[in-house]
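The values are calculated or read from the model by the stated rules, or taken from the named source; none is laboratory data. All of these numbers come straight from a predicted model, not from anything done at the bench. Virtual Cβ from ideal backbone geometry, glycine too; neighbours counted across all protein chains shown.
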């Protein structure tokens with residue numbers, strides 16, 4: 001549902 | 001950040017440090033695949049395109065810089081450093097790594113979560129990371145003579161992969177929207193692939209042990225659910241409103 005995909009991992 | 005993710009990052013960091021230690025202090029890269037190292041440099045450069053645009057945490061930025069810097073310096077050492085270069089086992093490291101890149105790129109163009117340049121590149125890096133270890137495993141099989149540091153490098157790399165799977169299992173139960181099925185599936189594939197490969201016993205043993213602990217954590221989750229269902233069925237039987245114990 002969010003606009004951009006979040007990548008908070010390495 | 002959960003304990004699996006932190007432990008995964010730390011084992012990843014240790015694997016890189018072990019390799020740098022071998023190359024920088026012993027001035028040897030015997031048994032290390034340049035092809036794999038080049039693939040990792042490509043993996044990190046395509047994955048961390050957001051390094052200057054999206055800020056997650058100081059930890060993330062510093063780690064990204066470490067992984068980018070270390071992978072490129074390892075490649076530089078193996079290609080250009082006079083002493084290190086000499087120990088490089090060129091004749092055995094003949095895996096055609098360029099043939100891994102194209103299928104990963106096509107797959108990333110076909111299967112991704114969002115069709116933007118950054119997202120497709122991120123997906124490509126995930127697919128490529130899953131197979132980047134192959135030239136290294138092939139080299140180990142061909143040379144057979146594996147020194148301690150190279151063995152530890154591959155062991156820590158395998159531990160990092162497995163701990164990341166545990167991290168995703170954990171995150172799936174705590175924050176399901178954060179789990180990327182692309183990375184989880186490709187990581188599972190590489191673990192299965194390594195089982196089929198049966199080359200490197202420490203790699204396999206580490207993966208096996210950590211898969212077993214993944215089942216253990218799955219078992220604990222099931223117990224937690226059983227607890228929930230116990231209260232659920234009780235409330236249904238006695239026809240009272242469902243309340244859970246703290």
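Summary of values
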{"item": "Residue in the range B:94-108 that is touching a helix residue (DSSP H, G or I) at 6+ places or on another chain (Cβ under 7 Å), surrounded by fewer than 17 Cβ atoms within 10 Å (Cβ to Cβ), more than 14 Å from every other protein chain (Cβ to nearest Cβ) and touching a residue at least 12 places away in the same chain (Cβ under 8 Å) present", "result": "no"}
{"item": "Qualifying position, being out of contact with any strand residue (DSSP E or B) (no Cβ under 8 Å at 6 or more places or on another chain), within 14 Å of chain A (Cβ to nearest Cβ) and either within 17 Å of residue B:153 (Cα to Cα) or part of a helix (DSSP H, G or I) (or both), among B:48, B:88", "result": "B:48"}
{"item": "Filter result (away from chain A (no Cβ under 14 Å) and modelled with pLDDT of 85 or more) within the range B:111-131", "result": "B:128"}
{"item": "Exclusive hit being assigned to a helix (DSSP H, G or I) and free of Cβ contacts under 8 Å to residues at least 12 places away in the same chain, set B:63, B:10, B:78", "result": "B:10"}
{"item": "Matching option when the condition is within 14 Å of chain A (Cβ to nearest Cβ) and touching a residue at least 12 places away in the same chain (Cβ under 8 Å), among B:33, B:70", "result": "B:70"}
{"item": "The lone exception for residue B:75 - which of (1) more than 19 Å from residue B:128 (Cα to Cα); (2) touching a helix residue (DSSP H, G or I) at 6+ places or on another chain (Cβ under 8 Å); (3) more than 14 Å from chain A (Cβ to nearest Cβ) it fails", "result": "(1)"}
